[in-house]
Amino acid sequence: MSTAKISPSATAISATMKHFSLSHLPRRTFLTTRIRTPVICRRPRNQAVTICLKASEPLQVCVKESSTTPSKLGDCPFTQRVLLTLEEKHLPYDLKLVDLRNKPEWFLSISPEGKVPLIKLDEKWIPDSDVITQALEEKFPKPSLATPPEKAAVGSKIFSTFIGFLKSKDPSDGTEQALLDQLTALNSYLEKNGPFINGEAISAVDLSLAPKLYHLDIALGHYKNWSIPDSLAYVKSYMKTIFSRDSFTKTRAQVQDVIEGWRPKVEG
Ligand SMILES: N[C@@H](CCC(=O)N[C@@H](CS)C(=O)NCC(=O)O)C(=O)O
C-alpha cells in the first residue's frame, strides 16, 4: 500500500487562518504547529461562539493509483470530487493508493464493491462520493459547501451524455447533439446564475461537476478532436475558473491517465 501525505495548500491554510480569525496568532506558532482541524466549541446560550483548535490526524482516503506513473494519483472523477471537498474545507488527508487492476486483499476487506473513493470517518470506512461528501458536510460544516436542493441536479446529465458521445462510432446517432444540449443548458444557467452553480460561492455541486468536465475536455479532445464550442462562453469560463483553483490543480489526474482511463470505453 502506498501512502502520500497531503496537507492543504498554502492558500487553503491562509484562507483557514482568515476564516477562523487566527491571523492574530504569531506566525511561528502556526507554522510550527501541525495542520489542525478547527472545530467550533459552542458556549452556553447567549454567549459568543468561540473557535478552538483540536489536534486531528489526517483523514485516510483510498484512491485509484495512476496506471501510467506509479505512486501517483489516478484518474477517478468521483475521487477527485472527495479530494476537492477536503481541500476546500481545509482538512488534511492521507492518500492510500490502490491498484484497481490488481486489488489488494486489505482493500477488498474494507470495500466490498472494490471501488474508490473510500474514506475513514469515526473509525469506519465509508464508500461512495455522494455519501462521503454528505458526511463531510455534516461533520465539518465550516466552510459550508452545501448546495440548495433545487440546484443540486444542475449539469447532472452531462457525464452520461459525454460517455455516450465518447463511445459512439456513428456520427449521426445524436449523441453529440445530446451532449451539446446539456452543455447549452448549463451555459444558459451560468449566464443567469453564475459564476458558480450556487452563484458567487463554490459549492458541492461544482466539486462534483468540475472533475467530469475535466475528463470530458481531455477525452473528447484526444479521441474525437472535439472541444466545447466557443459560443458556450459561460461554461468555458466556469471550467477555467475552477480548473485554476489550488484545490483543483492539486487533486486533478494527469492528462495521460485520463486518456488511458477512457481507452477501454472508446475501443471496447
Ligand atoms: N458511485 C461511486 C462510483 C465510484 C467508481 O465508479 N469508482 C471507480 C473508479 S473511478 C472504481 O473504483 N472502479 C473500480 C471497479 O469498478 O473495479 C462514487 O460516486 O463514488
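Rule-based calculations on the coordinates, nothing more; no lab input. These numbers come from a predicted model, not from an experiment. Methodologically, a virtual Cβ is constructed for each residue, glycine included, from the backbone with ideal geometry; neighbour enumeration extends over all protein chains shown.
Using the Cβ-Cβ distance between residue 128 and residue 157 with R0 = 22 Å, the FRET efficiency computed as 1/(1 + (r/R0)^6) comes to roughly 0.65. For the listed peptides 217-226, 191-200, 60-69, a ranking on the average number of other beta carbons within 10 Å per residue, highest first, reads 60-69, 217-226, 191-200.
Using packing as a proxy for protection, rank 128-137, 162-171 so that the peptide with the highest average count of other Cβ atoms within 10 Å comes first. The partial results should precede the final answer.
Details: 128-137: 17.9, 162-171: 15.4.
With the highest mean Cβ count within 10 Å placed first, the list reads 128-137, 162-171.
Reducing the stretch 64-117 and the stretch 216-238 to their Cα centroids gives an inter-centroid distance of 26 Å.
Which value, in debye to the nearest 20, gives the size of the charge dipole of the stretch 81-192 about its Cα centre, when Lys and Arg are +1 and Asp and Glu are -1 at the Cβ?
Details: 15 positive and 18 negative charges, 29 e Å.
Value, rounded to 20: 140 debye.
Using only C-alpha atoms and all pairs of different ones, pull out the Kirkwood radius for the stretch 148-224 in Å with one decimal. Before the final figure, lay out the partial values.
On the way: mean 1/r = 0.0762 Å⁻¹.
One decimal place: 13.1 Å for the Kirkwood radius.
Cross-link partners of residue 142 among aspartates and glutamates, defined as those whose alpha carbon lies under 14 angstrom from its own and excluding same-chain residues fewer than eight positions apart: 87, 88. Taking the Cβ-Cβ separation of residue 185 and residue 249 as r and a Förster radius of 25 Å, what is the calculated FRET efficiency to the nearest 0.05? Approximately 0.35, to the nearest 0.05.
Take each peptide in 81-89, 111-119, count the other Cβ atoms within 10 Å of every residue, and average; sorted highest first, the result is 81-89, 111-119.
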